[in-house]
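The structure appears right after this line, and notes come after that.
The values are calculated or read from the model by the stated rules, or taken from the named source; none is laboratory data. Not measured: the values here are computed from a predicted model. Heads up, the Cβs are rebuilt from the backbone with ideal geometry, glycines too, and the neighbour counts pull from every protein chain shown. Side chains are part of the model used for accessible areas, which takes the heavy atoms of the whole protein and leaves out ligands, DNA and RNA. Shrake-Rupley method; radii C 1.70, N 1.55, O 1.52, S 1.80 Å.
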Amino acid sequence: MVKAKKYVIDKPFHGLVTDENIKLVEEDLPALQDGDVLFEALYLSVDPYMRPYLREAKSGTPMIGEQLAKVTDSKNKDYKVGQLCLVNSGWRTHTILNPSKTEIRIKQVKEYPGVPISLSLGTLGMPGATAYLGVFE
């Protein structure tokens with residue numbers, strides 16, 4: 001059994017976010033079923049869009065965001081152990097998803113020699129695409 005840690009909103013925030021606003025909680029994840037994939041977060045996103053979405057969040061609401069994650073276990077032929085993916089599952093250490101049964105976005109990441117994998121959350125990811133389109137389109 002895998003024990004996951006996740007950040008949740010403890011108190012709604014106004015102004016600067018403090019340690020009182022967010023807390024880290026643990027949860028036990030179930031065993032994988034057919035089609036499931038276990039992802040382990042390597043990097044978490046911190047993006048401007050998060051603030052307005054969380055302004056009115058209730059206590060216990062999971063922290064939103066995208067993560068660069070590694071497949072650490074799989075019962076899905078399309079996801080191999082060690083593969084990297086962008087997963088929109090929030091600020092958590094581990095996530096179990098069945099890609100064919102979830103609305104959570106999962107995108108397999110291609111690695112490029114000499115390019116840090118963390119850039120897939122920034123320059124090579126959604127923020128980079130947003131900046132590029134903002135400038136050139």
Would you mind putting 63-69, 108-114, 41-47 in packing order, based on average other-beta-carbon counts within 10 Å, highest first? 63-69, 41-47, 108-114
Counting other C-beta atoms within 10 Å, and keeping those with at most 15, which DSSP coil trypsin sites (Lys or Arg not before Pro) do you find in the stretch 22-61? Arg55, Lys58
Carbon/sulfur fraction of accessible area - the stretch 1-87, other protein chains in place, 1.4 Å, %: 54
Where the only charges are on Cβ atoms (+1 Lys, Arg; -1 Asp, Glu), what is the dipole of the stretch 60-128 about its Cα centre, to the nearest 20 debye? 180
The chain - mean residue ellipticity at 222 nm from DSSP helices (-39,500 (n - 2.57) per run, n ≥ 4, rounded to 500): -3000 deg cm²/dmol
Could you tell me the number of lysine pairs in the stretch 29-137 with C-alpha atoms less than 19 Å from each other, where the two lysines are 8 or more residues apart or belong to different chains? 11
Reach of Lys6 by Cα under 18 Å, taken over aspartates and glutamates that are not fewer than 8 positions away in the same chain: Asp19, Glu20, Glu26, Glu27, Asp28, Glu40, Asp47, Glu66
Please name which of Ser74, Leu38, Tyr112 has its Cα lying farthest along the dipole of the stretch 1-116 towards the positive end, using unit charges on Cβ (Lys, Arg +1; Asp, Glu -1) and the Cα centre as origin. Tyr112
Once you sort the root eigenvalues of the Cα gyration tensor of the stretch 55-117 as a ≥ b ≥ c, which label holds: rounded (a/c under 1.5), prolate (a/b larger than b/c) or oblate (the other case)? oblate
Compute from the Cα atoms of the chain the Rg and the Dmax, the latter being the longest Cα-Cα distance, and quote both in angstrom. 16.1, 48
